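Below: the structure, in structure tokens.
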Amino acid sequence: MSRFWSPAVHGLEPYVPGEQPKGQSFIKLNTNENPYGPSPRALAAMAGAGGEALRLYPDPVAADLRRVIGEAFGLGADHVFAGNGSDEVLGHAFAAFFRDKGPVLFADVTYSFYPVWCDLHGIPYRRVATDADFNIEVADYAGPCGGVILANPNAPTGIALPLSEVERLLRQHPDVVVLVDEAYVDFGAESAASLIAKYDNLLVVQTLSKSRSLAGLRVGFALGQPHLIEGLVRIKDSFNSYPLGRVALAGATAAIEDRAWFEQTRARVMADRDAMAGGLQALGFKVLPSQTNFLFASHPGRDAADLLAELRQRGILVRHFRSEKIRDWLRISVGTAEECQALVTAMGGILAGKD
Ligand code: PMP
């Protein structure tokens, strides 16, 4: 608390980082990082970009990165905005498209930062209930609103909506921005990027943190028609540079270009995910159908927070959310095949009452 704060700051809760413990080494299945590491080409590009050239400001329009991202989706560079992680890009989008409009809509079980950005920017919002199995029903989003935010696949459930349903949502709300957060789309879902030419109200946001294994670099991007991209450019808070530095630009550009590494590692993550789901189901867990690099699982006979604590004692970290509707569930990130097997073995031991 400080007398120097603006009134809006008093209502904001600082994020308490509890998911990145220091010291002890854990099998870390709690923050949806990719176990396979960044593309070797990206690592080499970053090493090359990090020398004497760092004395110079980066490319003020991030031309190469925006061009290669655009090419990957069959779009021009003028359809691409890049920022420091998709969190920054999402924050800019909230500021650019949702301030001073009606309430924005998002699911009652979804990425927990959406209400945080709403509070930061004074944006009213309404949470729309999913059904008991956490499915999003597009018909529930009908009616006037200031915008719609859809995490697709959703987090932390992992469930994806088919593109036809995303399109229904876009048609339902032609006069406000429909923001589709595709942080996990590369693990089996369909991207709405293919709909951009058809819908001037569609903004797709993706990240290099998950399928490109670059969570530490902080690069995310938005795709949309140029008028939406220009809205984001007007919000970004630097006059003489893009939000991304030279190392991030070089690494991200090479990571997008290295299609082979991307395909190979995401296929492994999806295969390991499905094997881990099978292992948990065999132990009696209910596991939601996941199109992401994590599973959302619940055991009918055991308290989720207790399971998390017991796993932690065995050196494995997973994630639990306290909010009412999902308190019986654990979110488990997909690690290497060995890590996934270790998780299933540890769960088996816990359920059997063994140390
Ligand atoms: N959207 C969703 C749904 C997420 O789960 C995350 C990761 N926490 C993000 C966006 C942000 O990812 P990043 O800032 O690393 O790009």
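None of the figures in this text is laboratory data; all of them are computed from the coordinates on show. Quantities reported herein were computed from a predicted structural model and do not represent experimental measurements. Note that each Cβ is placed from the backbone with ideal geometry, even for glycine, and that neighbours are counted across all protein chains shown.
Normalised by the number of residues in the range 56-165, the average gap of Cα pairs under 8 Å and 6 or more apart makes the relative contact order 23 percent.
If R0 equals 35 Å, the separation of the Cβ atoms of ASP303 and GLU165 corresponds to a calculated FRET efficiency of about 0.55. Within the range 1-92, the trypsin sites (Lys or Arg not before Pro) that combine a DSSP coil assignment with at most 15 other C-beta atoms in a 10 angstrom radius are ARG3, LYS22. Taking 18 Å as the straight-line reach from the Cα of LYS286, the lysines in range (excluding those fewer than 8 positions away in the same chain) are LYS325.
The ranking of TYR57, TYR111, TYR36, TYR242 from fewest to most other beta carbons within 10 Å of each one's beta carbon is TYR57, TYR36, TYR111, TYR242. The simple spin-label model puts a point 7 Å past each Cα toward its Cβ; for ARG41 and ASP175 those points are separated by 4.6 nm.
Packing here is the average count of other Cβ atoms within 10 Å per residue, and on that basis the peptides 204-216, 182-194, 257-269, highest first, run 204-216, 182-194, 257-269. What does the C-alpha gyration tensor say about the overall shape of the range 46-95? Classify as rounded when a/c is under 1.5, otherwise prolate if a/b is larger than b/c, or oblate. Because a/c hits 1.5 or more and a/b fails to exceed b/c, the range 46-95 counts as oblate. Largest mean-square fluctuation among GLY18, GLY37, GLY315, in a Gaussian network model of the chain whose springs join Cα atoms under 10 Å apart, belongs to GLY18.
With the simple model of a label 7 Å out from the Cα in the direction of the Cβ, ARG312 to GLU263 spans 4.2 nm. Once the C-beta distance of SER112 and SER2 is scaled by a Förster radius of 25 Å, the resulting FRET efficiency is 0.45 to the nearest 0.05. The gain in end-to-end length when the THR345 to LEU283 segment is fully stretched comes to 21.3 nm, 0.36 nm per residue minus the alpha carbon separation.
A crude spin-label estimate for the pair SER323 and HIS121, with each label 7 Å from Cα along the Cβ direction, gives 1.9 nm. Stretching the chain fully between ALA271 and VAL9 yields a gain of 89.9 nm (0.36 nm per residue, less the alpha carbon separation).
For the range 176-262, what does the alpha-carbon gyration tensor say about shape, rounded, prolate or oblate, given a ≥ b ≥ c as the root eigenvalues, a/c under 1.5 as rounded, and a/b over b/c as prolate? Oblate, because a/c is 1.5 or more while a/b does not exceed b/c.
For the chain, the relative contact order comes to 24 percent (Cα pairs under 8 Å, sequence separation of at least 6).
Is any residue of the range 213-234 close enough, with backbone N under 19 Å, to a label point placed 7 angstrom from the Cα of LYS198 along the Cα-Cβ axis, and if so, which? Once the point is set 7 Å along Cα→Cβ of LYS198, 223-226 turn out to lie under 19 Å by backbone N, inside the range 213-234. Indicate the gyration tensor shape class of the range 40-258 (rounded, prolate or oblate), computed on the Cα atoms with a ≥ b ≥ c the square roots of the eigenvalues: a/c under 1.5 is rounded; otherwise a/b larger than b/c is prolate and the rest oblate. Verdict is prolate for the range 40-258.
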